[in-house]
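The values are calculated or read from the model by the stated rules, or taken from the named source; none is laboratory data. Remember, predicted model here, so these are calculated numbers, not experimental data. Here the Cβ positions follow ideal geometry from the backbone for every residue, glycine too, while neighbour counts run over all protein chains shown. Remember, those area values only see protein heavy atoms, side chains included, never the ligands or the DNA or RNA. Shrake-Rupley method; radii C 1.70, N 1.55, O 1.52, S 1.80 Å.
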Amino acid sequence: ARIARSKTSVGEKDDILSGMNSLDKKNVMWGAVITEDQTDYQRNVFAHLDTRGQHGTRQPKHINPQLYVKMGENDIRRDWFKAEANSKIEGGYQYQQYKFLYAKPETYMGDYIFMRHEEMLLTEAEAECRLGNETAAKGLLMELMSKRDSDYKCDKSGTAMNALTNDWSGSLLEEIIIQRRIELWGEFGRVYDIRRLKQGFTRSTKQGFVTA
């Protein structure tokens, strides 16, 4: 009911694949409008993420390959990430982000989105799952995934979560968390989820990390 009162809804393809740089989308709940006379030029989030920017060019950001393959072949969110020809790593490729892009790179313009409808939907789905209301949890999950992957199905159950973030348990709760990780990549403080879920994580060359 609270989500409904926000008068927002799950974003369509055009809402999420346009650079995440405008509050003028039906899924945006909260954000900051940036005007040309108030832009902070090369010191904003897009400068660190957009490959047409400054730091984003020199230090491009990548999704964890193990998380990338959790998206179905027809998941539209795959368009947020692209395998770069020069980014071959052990076991595959690094997938560079194209989720966050300047609206106007020549003037460093782009609104800041702080909260989207999808975050609240996934939070509610997790709550329902933890309360044992799996039908409600799956319904909420499908409300999102029907807009992301036409082939998506979920017949999982339970709340089991293993000790490591990449040690998959196959539970419904884990599936909700996986979709949360994908949907909110680069938007939400993932480390806070790891801490509240009391999980550990590993970093390997297969994930694109350089070992000492």
>> Which condition from (1) at pLDDT 95 or above; (2) in a loop (DSSP other than H, G, I, E, B) is the one that F188 breaks?
In response: (1)
>> Taking the condition of being open to solvent by 40 Å² or more (accessible area, probe 1.4 Å) and among the polar types (S, T, N, Q), how many residues in the range 168-190 meet it?
In response: 1
> Among the residues of the range 103-119, is there at least one that is of a type in the set (D, E, K, R), over 30 Å from Q38 (Cβ atoms) and in a helix (DSSP H, G or I)?
Replying inline: no
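Tell me, which residue of the range 104-126 that is under 19 Å from the mean Cα position of the chain (by Cα) and among the hydrophobic types (A, V, I, L, M, F, W, C) is nearest to D15 (Cα to Cα)? Walk me through how you get there before you give the answer.
Narrowing the range 104-126 to residues under 19 Å from the mean Cα position of the chain (by Cα): 110-126.
With among the hydrophobic types (A, V, I, L, M, F, W, C) added as a condition, the list becomes 113-115, 120-122, 125.
Numbers: I113: 12, F114: 15, M115: 14, M120: 17, L121: 16, L122: 18, A125: 22 Å.
If we take residues in the range 104-126 being under 19 Å from the mean Cα position of the chain (by Cα) and among the hydrophobic types (A, V, I, L, M, F, W, C), then I113 is nearest to D15 (Cα to Cα).
Take the residues in the range 126-156 that are of a type outside the set (D, E, K, R) and within 23 Å of G200 (Cα to Cα), then tell me which one is most open to solvent (accessible area, probe 1.4 Å). Quick ask: steps written out before the conclusion?
Taking the range 126-156 and keeping what is of a type outside the set (D, E, K, R), we get 127, 129, 131-133, 135-137, 139-142, 144-146, 150, 152, 154.
Those still in the list that are within 23 Å of G200 (Cα to Cα) too: 127, 129.
Working: A127: 47, C129: 3 Å².
In this case the residue turns out to be A127.
Would you please name the residue that is nearest to the chain's Cα centre (by Cα), looking only at residues in the range 154-185 that are among the charged types (D, E, K, R) and modelled with pLDDT of 95 or more? Let's see the steps before the verdict.
To start, the set of residues in the range 154-185 that are among the charged types (D, E, K, R) comprises 155-156, 167, 174-175, 180-181, 183.
Then keep just the ones that are modelled with pLDDT of 95 or more; that gives 155-156, 174-175, 180-181, 183.
Values: D155: 22, K156: 21, E174: 15, E175: 14, R180: 7, R181: 5, E183: 3 Å.
Among those that are among the charged types (D, E, K, R) and modelled with pLDDT of 95 or more, it is E183.
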>> It is to be established whether one or more residues within the range 157-167 are buried (at least 17 other Cβ atoms within 10 Å of the Cβ) and in contact with a strand residue (DSSP E or B) (Cβ under 8 Å, 6 or more places away or on another chain).
In response: yes
>> Looking at the range 129-153, I want the residues that are closer than 23 Å to I16 by Cα and in a loop (DSSP other than H, G, I, E, B) and have a partner that is open to solvent by 70 Å² or more (accessible area, probe 1.4 Å) and among the small types (G, A, S) with Cβ atoms under 8 Å, at least 6 apart or on another chain. Which pairs are those?
In response: Y152/S146
> What are the residues in the range 102-141 that are farther than 24 Å from R190 by Cβ and basic (K, R), if any?
Replying inline: K104
> Quick check: is even one residue across the range 130-146 more than 28 Å from K198 (Cβ to Cβ), over 17 Å from the mean Cα position of the chain (by Cα) and polar (S, T, N, Q)?
Replying inline: no
> Taking the range 1-53 as the region of interest, how many residues are modelled with pLDDT of 80 or more, in a helix (DSSP H, G or I) and surrounded by 14 or more Cβ atoms within 10 Å (Cβ to Cβ)?
Replying inline: 7
>> Quick check on my filter: what residues within the range 191-212 are at pLDDT 90 or above, open to solvent by less than 60 Å² (accessible area, probe 1.4 Å) and outside any helix (DSSP H, G or I)?
In response: L197, Q199, G200
